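The values are calculated or read from the model by the stated rules, or taken from the named source; none is laboratory data. What you see is a predicted model, and the numbers here were worked out from it, not measured in a lab. Cβ atoms come from the backbone with ideal geometry, glycine included; neighbour counts cover every protein chain shown.
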Protein chains: 2
Amino acid sequence: MILCDIGNSRMHVYDGISVRHLSHEEGIALFRESELFFICVNDSVRERIGREAPGWIDISQRHRLKTDYEGLGIDREAACLGIEDGVVVDAGSAITVDVMEKGRHLGGWIWPGLSAWLSAYRDVSEKLAVELVSDVELDRLPLKTEDAVSFAILASVKTMIQRFAREKRIVVTGGDAPVVAHILPGAEIDETIVFKGMKKMIKDSVC
Amino acid sequence: MILCDIGNSRMHVYDGISVRHLSHEEGIALFRESELFFICVNDSVRERIGREAPGWIDISQRHRLKTDYEGLGIDREAACLGIEDGVVVDAGSAITVDVMEKGRHLGGWIWPGLSAWLSAYRDVSEKLAVELVSDVELDRLPLKTEDAVSFAILASVKTMIQRFAREKRIVVTGGDAPVVAHILPGAEIDETIVFKGMKKMIKDSVC
């Protein structure tokens, strides 16, 4: 069984062993004939799949997470279903944080992704157009601009996640998972968490 | 005595009674002939003043704050000099936070301003192009996208400032001061804090 999480710019394909990150073109070309279950956040890509890979099975509607959140993206839902208790952090083009407790989604919040967040500084002033210092010290006040920017981003992420995670398990996924997990002692990186949720969606709709 | 804080896009003029926020053109036209002391973060505006208002007195070099921070902007320095002990938050095109203790600057950090920060979401996805909900609840997890964005920004600002302020006084200045002060119980808004620092710079260089 092949599982596929389709985002706005890339698709992530999991064959049970490893995850491949592909463009929509590449993914469709490679897996057109496969038995593939997918979720998709982008309507125009979904239409394209209907034309070019009509055998693929859209499971987006199969399961709804227990939540009071209005309009939670299906990728966030799947990631939440992949964890029973704990905090899921998806650090990609946006950084989403969702809190799960006993199989129920309690809510979550959204920062810009690290790249978009840094771009916002560039838009304010040329002097703030700096790269991320991923190992900036987070327990003492910064003493230069480069650190002041990285500290603002990373200390915010760390402080807020720890505040709401309390003793809960923290699972980090997405392209910037290594940077975010690095600042959260004890956090696990799991790039298959969305697929674990997708498996649950398929299983629950069969039983 | 007229004091003037010149930023990248606006200048802020204080006559001892009220603060006026003007474009560079307006400010120069109105106060060209006045005895005016200024600080300026923008080199091309400084050159322009040299040509168009040659009587104005640049005090940027008169005083250096006690700090180990490299490259602190003169406007941040002046704001810090305006306070002996406490945290200064300047919420403008960027949000700067600086911590002062017994007349010494301990360091600080920088977020994008609220407007630039929100733009970063817009760059990530159309679905995240939302307005700030300035009264979003900050002690419970958000349950819709609009709140999830505002919460991420405002709860980060609140949590981080309170973490480093501890029992210290918090003074907020800048165009978004009302929004930021609203989430920080006990914080004072003072749009003259930079000018208080400038007065100190002038006084100290005379004595």
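What are the residue pairs meeting all of these: first residue in the stretch A:55-69, first residue more than 15 Å from A:CYS80 (Cα to Cα), second residue assigned to a loop (DSSP other than H, G, I, E, B), Cβ atoms under 9 Å, and 6 or more apart or on different chains?
A:GLY55/A:ARG32; A:GLY55/A:GLU33; A:GLY55/A:SER34; A:GLY55/A:GLU35; A:TRP56/A:ARG32; A:TRP56/A:SER34; A:TRP56/A:GLU35; A:ILE57/A:GLU35
Mind checking whether some residue in the stretch A:153-168 is in a loop (DSSP other than H, G, I, E, B) and either modelled with pLDDT under 95 or under 17 Å from the mean Cα position of the chain (by Cα) (or both)?
yes
Being surrounded by fewer than 20 Cβ atoms within 10 Å (Cβ to Cβ) and out of contact with any helix residue (DSSP H, G or I) (no Cβ under 7 Å at 6 or more places or on another chain) is the filter here, so list the residues in the stretch B:107-124 that pass it.
B:SER115
Regarding B:SER134, is this residue within 25 Å of B:GLU25 (Cα to Cα), touching a helix residue (DSSP H, G or I) at 6+ places or on another chain (Cβ under 6 Å) and not in a helix (DSSP H, G or I)?
It is false that B:SER134 is within 25 Å of B:GLU25 (Cα to Cα), touching a helix residue (DSSP H, G or I) at 6+ places or on another chain (Cβ under 6 Å) and not in a helix (DSSP H, G or I).
Might you let me know whether the stretch A:15-26 holds any residue that is of a type in the set (S, T, N, Q) and within 15 Å of the chain's Cα centre (by Cα)?
The answer is no; no qualifying residue exists.
Can you find a residue in the stretch B:103-121 that is at pLDDT 95 or above, β-branched (Val, Ile, Thr) and out of contact with any Lys or Arg (no Cβ under 6 Å at 6 or more places or on another chain)?
Checked the stretch B:103-121: at least one residue is at pLDDT 95 or above, β-branched (Val, Ile, Thr) and out of contact with any Lys or Arg (no Cβ under 6 Å at 6 or more places or on another chain).
Regarding the stretch B:23-35, can at least one residue be identified that is of a type in the set (A, V, I, L, M), surrounded by fewer than 23 Cβ atoms within 10 Å (Cβ to Cβ) and touching a strand residue (DSSP E or B) at 6+ places or on another chain (Cβ under 8 Å)?
yes
Would you check if B:GLY71 is over 19 Å from A:ILE95 (Cα atoms), surrounded by fewer than 19 Cβ atoms within 10 Å (Cβ to Cβ), at pLDDT below 95 and within 12 Å of chain A (Cβ to nearest Cβ)?
Yes; evaluated as a whole, the condition is true for this residue.
Under 6 Å between Cβ atoms, at least 6 apart or on separate chains: pull out the pairs that start in the stretch B:101-123 with a residue that is of a type in the set (Val, Ile, Thr) and end on any residue that is in a strand (DSSP E or B).
B:ILE110/B:ALA94; B:ILE110/B:THR96
Looking only at residues that are away from chain A (no Cβ under 14 Å) and aliphatic (A, V, I, L, M) in the stretch B:50-68, which one is nearest to B:GLU101 (Cα to Cα)?
Step by step, filter the stretch B:50-68, then rank; the result is B:ILE59.
Please work out if B:ASP90 is under 21 Å from B:SER9 (Cα atoms), away from chain A (no Cβ under 14 Å) and touching a Ser or Thr at 6+ places or on another chain (Cβ under 9 Å).
No, not satisfied.
Is it fair to say B:LEU141 is at the interface with chain A (Cβ under 7 Å from one of its Cβ atoms) and under 20 Å from A:ILE74 (Cα atoms)?
When the stated conditions are applied, B:LEU141 passes them.
Being surrounded by fewer than 24 Cβ atoms within 10 Å (Cβ to Cβ), more than 9 Å from chain A (Cβ to nearest Cβ), touching a residue at least 24 places away in the same chain (Cβ under 8 Å) and touching a His at 6+ places or on another chain (Cβ under 9 Å): is that true of B:ASP135 here?
yes
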